[in-house]
Amino acid sequence: MNWRWGWEAATFAPEPGESWALLAALVLPLMLGGLAALRPPRRAWVVLLAALPLLASGAALFQAVQGVALLTWSVSFDDVTLALRLNGVAALLVVVTQLIGVVAALYTAGLCRLDESAGRSRWLWPLWGVLLSSLSVIWLAADLLSLYLGLELMGLTAVGMLLLSGKAEALLAGLRYLLVALVGSLLYLLGVALILAHWGSLELAQLTEVVAPEPVAWLAAALLGAGLATKAALFPLHAWLTPVHASAWTPVSALHAALVVKASLYLLLMLWSLLIPESHVAPLLLGLLGALAIVWGSLAAWRADSLKTLVAASTVAQLGYLMLAFPLLLGPEMAPEVQTLAWQGFWLQLLGHALAKAAMFMAAGNLILATGESTLAGLAGTSRRLPLSLLVFGIASVTLMGLPPSAGFTAKWQLLQAMLLADLWWAIAALLLGTLLSAAYVFRLFRYSFIESAPRKTYRPLAPGMEGGALLLALAALLLGLWAHYPLSLLQGASA
């Protein structure tokens, strides 16, 4: 498994243009966020024009990794070395992060035009910049110190963004989230300290050569796993997730559900691949919890009365599919074919869910903002006046349900094949049951929205870009399944 992460030395040194593209991907979000704080944009075209250099940096990194499967950078300060590496997985995650981040910024500009309470806060823009930069650090980092810095910046920024609405319930939920994040950070830091004390290195490439299956590795994996599972809202440590989304601004919820929780799960898989690559108990336990998460989260979404609660609860279920891949990727004596299928299915599920969940939150925010109603019953009859937002919600739902030709379908197909080869019948049952439950809670919204006898309401017009950006993300999740062969070729790692 380790070779897939790109920890080994690169064959070729990065070109100057590639290094500048890397620097731009890390620094430009901070600069753009600072400029927007000084003069908050209210027009979508202004945001899009300012974001073009950022998108160009991501495209340059994506292009750089095509011919050379692995690029590495490092800088040393006395005895401390900070290392970055770019492989196919990192390139895909950086591009998707930038795409979702730019669409969230477009949505924010429209929201500030319509909602003065949102426009009064300038802090959203610099926090947006710090969040995107810290996420890029996490995707690219190749040492535990850089990973910790990125993780802490991301967590504190996410807490700040969730508190910005100023509502009493938001403050309560945000402070609870802060406490959970700090506990997770403490556990993670204890695991890092144990690794440094025992093996004397924080560089992942060096640790691959010295880490052995021994009690220290198991204890470090347990500490890191507990901390990251708490931050990622993995079942049963998910109780903080739904309340923070219930009162958060829509673009904040989109960024958090699409990217923030995925970063912690990404770190969990990567570090467990290093510390316990052939463990039986830990991956199996996480897989079983994933099966429970699918059922629990789906039932919670099915019983939800609020639209944002429904979308937030479905995140718990969707993360369960990613948890199901752990025993396939890290279980002992898994055939290479099983690991390859699970590896491809895991990343397609993660990328497809990130795009679709961001689009779904934005579509839900549009429905709530235009109608002034947050409950499913209050959205009755919305098909008459908000067909595009409902279309976005429906296209995103296709990916979450795993219907063809979406990325969700391709991902579940890959995972299903791996489960069949590994004889994990309980995982197959959870995957199929989760698909049926997803359809059950998704169609609750459409059942209400097409009630023709509902009284006519006064609908608030939406700003330009609020629906178009969400539609772009939903279509991207759909097309990712049609052209899955292209990202799959990048996911094979530096030794492909």
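Look at where the Cα atoms of the range 229-293 and of the range 396-431 average out, and the two centres are 19 Å apart.
Under a 1.4 angstrom probe, counting protein chains only, how are 398, 261 ranked by accessible area, largest first?
The residues order as 398, 261, largest area first.
If you take all other residues with their beta carbon under 13 Å from the beta carbon of residue 349, and give Lys and Arg +1 and Asp and Glu -1, the sum is +3. Per-residue extension of 0.36 nm, minus the Cα-Cα distance of residue 446 and residue 388, leaves a gain of 19.6 nm for this segment. Computed with a 1.4 Å probe over protein heavy atoms only, the accessible area of residue 413 comes to about 130 Å².
Each peptide among 94-101, 481-488 gets the average number of other Cβ atoms lying within 10 Å of its residues, and from highest to lowest they stand as 94-101, 481-488. Residues whose amide H comes within less than 5 Å of that of residue 164, counting only those at least five positions distant or on another chain, are absent (H built at 1.01 Å from N in the peptide plane).
With every protein chain kept in place and ligands, DNA and RNA left out, what is the accessible area per residue of the chain? Probe 1.4 Å, answer in Å². Accessible surface, normalised per residue, equals 37 Å². Label sites at residue 176 and residue 198, each approximated as a point 7 angstrom past Cα along Cα to Cβ, lie 3.5 nm apart. Counting protein heavy atoms only, the range 1-277 has 70 percent of its accessible area on carbon and sulfur, 1.4 angstrom probe. Residue 176 sits with roughly 110 Å² accessible to a 1.4 Å probe, with DNA, RNA and ligands left out of the calculation. In this rough spin-label picture, where each label sits 7 Å from Cα along the Cβ direction, the residue 475-residue 60 distance is 2.8 nm. Of the residues 451, 138, the one with the largest accessible area comes first in the ranking 451, 138, computed with a 1.4 Å probe on protein heavy atoms.
Note on residue 208 and residue 333: the model spin-label points, each 7 Å out from Cα along the C-beta direction, lie 2.6 nm apart.
How do 199, 5 rank by accessible surface area computed with a 1.4 Å probe, from largest to smallest? Numbers along the way, then the final one.
Details: 199 40, 5 0 Å².
The ordering from most to least exposed comes out as 199, 5.
For the peptides 239-252, 48-61, 383-396, the ranking by mean Cβ contacts within 10 Å, running from highest to lowest, is 239-252, 383-396, 48-61. Maximal additional length on extending the residue 27-residue 168 stretch stands at 47.4 nm, based on 0.36 nm per residue less the C-alpha distance. Among the protein heavy atoms, those of residue 450 account for about 120 Å² of accessible surface (1.4 Å probe, every chain in place). Computed over protein heavy atoms with a 1.4 Å probe, the carbon and sulfur contribution to the accessible area of the range 287-496 reaches 68%.
The values are calculated or read from the model by the stated rules, or taken from the named source; none is laboratory data. On a predicted model such as this, the values are computed, not experimentally measured, just so you know. No Cβ is skipped: glycine too gets one built from the backbone with ideal geometry, and neighbour counts run over all protein chains shown. Areas reflect the complete protein model, heavy atoms only, side chains present, ligands, DNA and RNA absent. Shrake-Rupley method; radii C 1.70, N 1.55, O 1.52, S 1.80 Å.
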